[in-house]
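Values in this text are rule-based calculations from the coordinates and carry no lab data. A quick note: this is a predicted structure, and the numbers were derived from the prediction, not measured. Cβ placement follows ideal geometry from the backbone for every residue including glycine, while neighbour counts extend to all protein chains displayed.
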């Protein structure tokens, strides 16, 4: 059994495309784009070893559990190598890796969180920053980017765009959605429908990225939401 696309995408989006080893947090997508696809199996370490003889192998684990999201941790190449060295197995044991993964994912959430918002202007400023990051990812690596148009059907660029969706756009959309839900009362009654449009877009976009719905089912980004945040 190989790691499914769904497990890969969950791992990358929840880790925001960064190494989960404590204190590392290295961004893994763009730096590797020059010579390999940004998300590869080489970056996804098994918490419980996949094969007999590998580090932390558990013969009681079911075969169909070995490549699931729950048994994977996203790491940079250096830390992937370090945890899998036989001499380090007692240092980087199963429970240690599970805690490292959990702590990193909590860190991702905390990094996207903001202090208490008091005014609509503050809220819009926070959201505008996240939207700008998303737009930059689209401009640089999206299907209509200069790179994509100059290199059609390039698997490397497609991999880079996939990783940008997982490590930048999905986490940012989650952060925007949380802000909108937490501070929805700051918007006027007439603006509520626009807020709802973005929430529906963000939800459907993540479902598509995770292969739960077809692209045709994605609700398009509401341009009136962008105008609302900019006004």
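Scan the range 136-146 for residues that are more than 18 Å from residue 108 (Cβ to Cβ) and either under 15 Å from the mean Cα position of the chain (by Cα) or surrounded by 15 or more Cβ atoms within 10 Å (Cβ to Cβ) (or both) and report the count. Steps first, please.
Residues of the range 136-146 more than 18 Å from residue 108 (Cβ to Cβ): 136, 138-146.
Add one more test, that the residue is either under 15 Å from the mean Cα position of the chain (by Cα) or surrounded by 15 or more Cβ atoms within 10 Å (Cβ to Cβ) (or both), and what stays is 138, 140-142, 145.
Residues flagged as more than 18 Å from residue 108 (Cβ to Cβ) and either under 15 Å from the mean Cα position of the chain (by Cα) or surrounded by 15 or more Cβ atoms within 10 Å (Cβ to Cβ) (or both) within the range 136-146 amount to 5.
Residues 217, 175, 227, 202: which one is surrounded by fewer than 20 Cβ atoms within 10 Å (Cβ to Cβ) and in contact (Cβ under 8 Å) with a residue 12 or more places away in the chain?
On the way: 175 fails: surrounded by fewer than 20 Cβ atoms within 10 Å (Cβ to Cβ); 227 fails: in contact (Cβ under 8 Å) with a residue 12 or more places away in the chain; 202 fails: surrounded by fewer than 20 Cβ atoms within 10 Å (Cβ to Cβ).
That would be 217, the only listed residue that is surrounded by fewer than 20 Cβ atoms within 10 Å (Cβ to Cβ) and in contact (Cβ under 8 Å) with a residue 12 or more places away in the chain.
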Mind counting the residues in the range 118-135 that are surrounded by 17 or more Cβ atoms within 10 Å (Cβ to Cβ) and either part of a loop (DSSP other than H, G, I, E, B) or in contact (Cβ under 8 Å) with a residue 60 or more places away in the chain (or both)? 4
